[in-house]
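Note sheet for the following structure.
The values are calculated or read from the model by the stated rules, or taken from the named source; none is laboratory data. Since the structure is predicted, the reported quantities are computational estimates derived from the model, not experimental observations. Because the Cβ atoms are built from the backbone with ideal geometry, glycine has one as well, and the counts that use them run over all protein chains shown.
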Amino acid sequence: MMATPGTSSRSLGFLGPAGTFTEEALVTRQSLAEMRRQPFNSMMQVLKAVESGRVDLGFVPIENMIEGAVTSSIDALAFGTGLLIQYEVTMDVRLTLMALPGADLDGVKYLRSYPVAYAQCSRYLMRRLPDVVMVAANSTAAAARELAARGDLDTVVIAPQ
């Protein structure tokens, strides 16, 4: 495949770390996939990086079919920046409940993930893990990395497979 003229030298900010659904969505569009990618810890950081010129474009989620509007992105666009939407990408999202080897689902005390993922899985979670303490993470991918790094057997995450 040939690169679209100029895309490989341009940079694109997205909600990181690598492996988030945001990154997965942006690589479905060839012109965006060919850009140098820069992960950020929040939607606002992505948008501020575009405004300041640290990256050429930002890629943030706007809507989720189950949960609705991703308010952190919409609020940042409406009130925190002067940026305009240029692309729309849609994709199916599949979430997985993950635990470390040796963990027992009956012994789980904490569930770590991005808040929108909680909402998408709320019916299952209410039925199967009604007493877990939900701990917010910056993204589903960040939650999975944190679990792997910490090694907590009493914690599960909702993240991409």
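Of the residues making up the stretch 121-161, those that are of a type in the set (Gly, Ala, Ser) and either within 15 Å of the chain's Cα centre (by Cα) or assigned by TED's automatic domain parsing to the domain that holds GLU24 (or both) are ALA136, ALA137, SER139, ALA141, ALA142, ALA143, ALA144, ALA159.
Filtered by the rule that a residue be assigned to a strand (DSSP E or B) and at pLDDT 80 or above, the stretch 50-71 gives LEU57, GLY58, PHE59, GLU63.
Under the condition of being assigned to a loop (DSSP other than H, G, I, E, B) and among the small types (Gly, Ala, Ser), the residues counted in the stretch 76-133 number 4.
Scanning the stretch 92-108 for residues that are surrounded by 16 or more Cβ atoms within 10 Å (Cβ to Cβ) and under 24 Å from the mean Cα position of the chain (by Cα) yields VAL93, LEU95, LEU97, MET98, ALA99, VAL108. Could you please let me know if ARG37 is surrounded by 15 or more Cβ atoms within 10 Å (Cβ to Cβ) and either hydroxyl-bearing (Ser, Thr, Tyr) or assigned by TED's automatic domain parsing to the domain that holds PRO130 (or both)? Criteria not met by ARG37.
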